[in-house]
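Asker: Pasting a structure here, questions to come.
The values are calculated or read from the model by the stated rules, or taken from the named source; none is laboratory data. Just so we're clear, the structure is a prediction, and the values are computed from it rather than from any experiment. Cβ atoms come from the backbone with ideal geometry, glycine included; neighbour counts cover every protein chain shown. Protein only, heavy atoms only, side chains kept; ligands, DNA and RNA dropped before computing areas. Shrake-Rupley method; radii C 1.70, N 1.55, O 1.52, S 1.80 Å.
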Amino acid sequence: MITSKIISNGILRALATILVIAVVLYFLYEIQTVIVYLCVSLILCLIANPLVQFLRNKLKFNNSLAATTALIIFILAIVGFILLFVPLIISQANNLSLLDTNHLQQQFIESEKGIETYFNIQHVDFDKVLKNPKVTSLLDFSYFTAFLNSIFGFMADMGMGLVSVFFITFFFIKDQDAFKVSARKILPDTNEDKILNSITKINHFLTRYFIGLLLQLTVVFILYFIVLIIFGNKNAFVIAFLCAILNIIPYIGPIIGTILAGILTMISLIGSDFRTEILPTTIYVIIGFLLVQAIDNNISQPIISSKSVNSHPLEIFLITLISGITFGIVGMIIAIPVFTMVKVILKEFFPNNKIVSVLTERI
């Protein structure tokens, strides 16, 4: 028989549960920066695993020395990136400081008239449009200095974050075997083997995935670099590198990279004739980037991603699309790793389920 006491106790337990959940979520929200550090450190650990195993097994490095060597390589990569990135910003800022907006406006109007004549298009008075105060204000590149200041401020704030990430990563790499031993002591005996097997498989697949991602970015970088070299871009290496990094964001990243490449190409050609040099070269670069993206989207990306996590290319496409619609850019970036983790866990805990069997037959 249900009494008022039982009902009140149930309500109190429900309220207590809600309160505990709310406190936990609030706590996680407050330490979100630490969670980000842990996630980044885990990714670095997964990427470094093959190198660390090589250093341990082939060169007989101890755990501390192998972890230190891996971190030094990461630090050198970051320093190299900064040494490439900063000169690009400075050179583009110098180009913008030399920009003659009146001359550029006149060239644009002449090009527009030529296009109208060639295609027999109804005239649009761009001269009037460009003299509009709202439009001419957009040609004021003084905002670029503020943008640079924000970039450098952001880099300064990232200093502490990098130190924290590298500190955590060092111990993730160095003591990962000890973590597994400690986990065995904590985990419940009934599911201990399943949980440890899941962790081992997830570690294996995600390591392959991130290495595959690096391989994909390398292929895209080389193709971007070739396109920019063909059209004589002075900063071909750096621009190709930045646009390749943007490819980490599925579908959206390549579009941003193409726009960035077009803008930087136009800026690098400032001082040349707009109609005969700047505009044609920019169009050719954009077309070249679109061809590279077609190759990447239809060949290298599906093959590398599907092979690294043992998933069908259609699965990769659909899960990325759904995650992007649901969670935006962040969802698109983490879609494949999270999907792989879920598949491994389902395979380990529900191997006899028909749906799970179909989804995880490649694992």
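Asker: Evaluate the range 188-199: report whether one residue or more is surrounded by 13 or more Cβ atoms within 10 Å (Cβ to Cβ) and among the β-branched types (V, I, T).
Answerer: yes
Asker: Of the residues I267, I278, I304, I316, only one is in a helix (DSSP H, G or I), touching a strand residue (DSSP E or B) at 6+ places or on another chain (Cβ under 6 Å), modelled with pLDDT under 80 and surrounded by 17 or more Cβ atoms within 10 Å (Cβ to Cβ); which?
Answerer: Sole residue among the options that is in a helix (DSSP H, G or I), touching a strand residue (DSSP E or B) at 6+ places or on another chain (Cβ under 6 Å), modelled with pLDDT under 80 and surrounded by 17 or more Cβ atoms within 10 Å (Cβ to Cβ): I278.
Asker: Which one of these does I78 not meet: (1) touching a residue at least 40 places away in the same chain (Cβ under 8 Å); (2) within 22 Å of the chain's Cα centre (by Cα); (3) within 27 Å of K201 (Cβ to Cβ)?
Answerer: In the conditions (1) touching a residue at least 40 places away in the same chain (Cβ under 8 Å); (2) within 22 Å of the chain's Cα centre (by Cα); (3) within 27 Å of K201 (Cβ to Cβ), I78 misses (3) alone.
Asker: What number of residues in the range 1-49 are open to solvent by less than 90 Å² (accessible area, probe 1.4 Å) and not in a helix (DSSP H, G or I)?
Answerer: 2
Asker: May I ask you to verify whether G262 is over 30 Å from L38 (Cα atoms), surrounded by fewer than 15 Cβ atoms within 10 Å (Cβ to Cβ) and not aliphatic (A, V, I, L, M)? Break it down stepwise before answering.
Answerer: Working: over 30 Å from L38 (Cα atoms): yes; surrounded by fewer than 15 Cβ atoms within 10 Å (Cβ to Cβ): no; not aliphatic (A, V, I, L, M): yes.
It is false that G262 is over 30 Å from L38 (Cα atoms), surrounded by fewer than 15 Cβ atoms within 10 Å (Cβ to Cβ) and not aliphatic (A, V, I, L, M).
Asker: Give the residues of the range 288-301 that are modelled with pLDDT of 80 or more and surrounded by 17 or more Cβ atoms within 10 Å (Cβ to Cβ), sorted by residue number.
Answerer: G288, F289, V292, Q293, D296
Asker: Go through the range 332-363 and report how many residues are under 30 Å from N247 (Cβ atoms), open to solvent by 60 Å² or more (accessible area, probe 1.4 Å) and aliphatic (A, V, I, L, M).
Answerer: Number satisfying all stated conditions: 7.
Asker: Is there a residue in the range 248-256 that is closer than 21 Å to D296 by Cα, at pLDDT below 80 and surrounded by 19 or more Cβ atoms within 10 Å (Cβ to Cβ)?
Answerer: yes
Asker: Here is a follow-up. Name, by its number, the condition in (1) farther than 26 Å from N63 by Cβ; (2) open to solvent by less than 50 Å² (accessible area, probe 1.4 Å); (3) among the aliphatic types (A, V, I, L, M); (4) modelled with pLDDT of 80 or more that does not hold for V219.
Answerer: Here V219 clears every test but (2).
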